[in-house]
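Report on the following structure.
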Amino acid sequence: MADTVLYEVSDGLATITINRPEAMNAMNTETKVAFRDAVQAAAGDPAVRAVLLTAAGDRAFCVGQDLKEHIGLLAADRETGSRLTMNTVGEHYNPIVRALAGMAKPVVAGVNGVAAGAGFGFALAADYRVVADTAAFNTSFAGVALTADSGISWTLPRIVGPGRAADLLLFPRSVNAEEAYQLGIANRVVPSADLAAEAEKVARSLAEGPTVAYAAIKESLAHALAHTLDETLEKEDELQTRAGASEDHGIAVKAFIAKERPKYLGR
């Protein structure tokens, strides 16, 4: 894996760090490939019970596409008559977001600074966002004459509502941490100096928890967004049956009766 993305697994927690602080963690091709591969590796590793997305430095979580590389690729496309540059959405961003949103384990984003464009999309694809009080969010796309990608047209309106999402996409602006919390973009806002420790604490608590149940909760929420009440009730029945058959449920019930803290196995 490239040095632009760091990947570490410890005690069930996979930590994925975008490591281009000198470029505000912008996504050049090398970084997109490495980030995609890391997210997919975490999704497919049975030893991983939760994922923490972080970024190096204190200025940016990720500002999306590396426009310096992008402009060169566009020039090459013009010379060859191809349109390969924009294939990055299908080759990189879509697989990343599918893996983040679809993996059967919780994903926490520790947002340390600016999250713009695809960086905003990656943060929204996580299940929980711990945000530094100095961080900010910006859709950015319309500012460079592009439309939404990285799942933002799906995730953002579900969090802030379609009207607010249209406003943020049509008129890109910086949304500070306080407003992000009010809008539901940030689940928790902490002092910048405490972000790394707090984000890891949240992620580790999930990695130590009943991850079969967490996977079912994640699946249930995604299903309910696109289905009727009756269909959702049927899905809840299916998922509750699965969770109820897990070893973790038995452990939780025994611990409750014994008035002890349960030690979950993740199965």
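Values in this text are rule-based calculations from the coordinates and carry no lab data. Every value quoted in this text rests on a predicted model; they were computed, and no experiment measured them. All Cβ positions, even for glycine, are placed from backbone atoms using ideal geometry, and neighbour counts span all protein chains on display.
At-a-glance table
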read-out: Residues (aliphatic (A, V, I, L, M) and out of contact with any helix residue (DSSP H, G or I) (no Cβ under 9 Å at 6 or more places or on another chain)) located in the stretch 216-243; value: Leu221, Ala226, Leu229, Leu233
read-out: Residue satisfying condition, being touching a residue at least 24 places away in the same chain (Cβ under 8 Å), out of contact with any Gly (no Cβ under 9 Å at 6 or more places or on another chain), surrounded by fewer than 17 Cβ atoms within 10 Å (Cβ to Cβ) and in a loop (DSSP other than H, G, I, E, B), within set Ala47, Ala104; value: Ala104
read-out: Odd one out for Glu179, checked against (1) in contact (Cβ under 8 Å) with a residue 12 or more places away in the chain; (2) touching a Phe, Trp or Tyr at 6+ places or on another chain (Cβ under 9 Å); value: (1)
read-out: Lone qualifier among Gly110, Gly119 - being in contact with a strand residue (DSSP E or B) (Cβ under 6 Å, 6 or more places away or on another chain), in contact (Cβ under 8 Å) with a residue 60 or more places away in the chain and part of a helix (DSSP H, G or I); value: Gly119
read-out: Pick from the stretch 50-72, criterion under 18 Å from the mean Cα position of the chain (by Cα) and part of a loop (DSSP other than H, G, I, E, B), ranking: surrounded by the fewest Cβ atoms within 10 Å (Cβ to Cβ); value: Ala56
read-out: Failed item, numbered, when Gly113 is tested on (1) crowded, with 24+ Cβ neighbours inside 10 Å; (2) farther than 18 Å from Ala199 by Cα; value: (2)
read-out: Unmet criterion (only one of (1) in contact with a Lys or Arg (Cβ under 9 Å, 6 or more places away or on another chain); (2) within 26 Å of Ala26 (Cα to Cα); (3) not hydroxyl-bearing (Ser, Thr, Tyr)) for Gly184; value: (1)
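Here is a yes/no grid of residues against (1) surrounded by 14 or more Cβ atoms within 10 Å (Cβ to Cβ); (2) out of contact with any strand residue (DSSP E or B) (no Cβ under 9 Å at 6 or more places or on another chain); (3) without any contact (Cβ under 8 Å) to a residue 24 or more places away in the chain:
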{"position": "Glu198", "(1), (2), (3)": "yes, no, no"}
{"position": "Val202", "(1), (2), (3)": "yes, no, no"}
{"position": "Ser205", "(1), (2), (3)": "no, no, yes"}
{"position": "Gly209", "(1), (2), (3)": "yes, no, no"}
{"position": "Val212", "(1), (2), (3)": "yes, yes, no"}
{"position": "Leu229", "(1), (2), (3)": "no, yes, yes"}
{"position": "Asp248", "(1), (2), (3)": "yes, yes, no"}
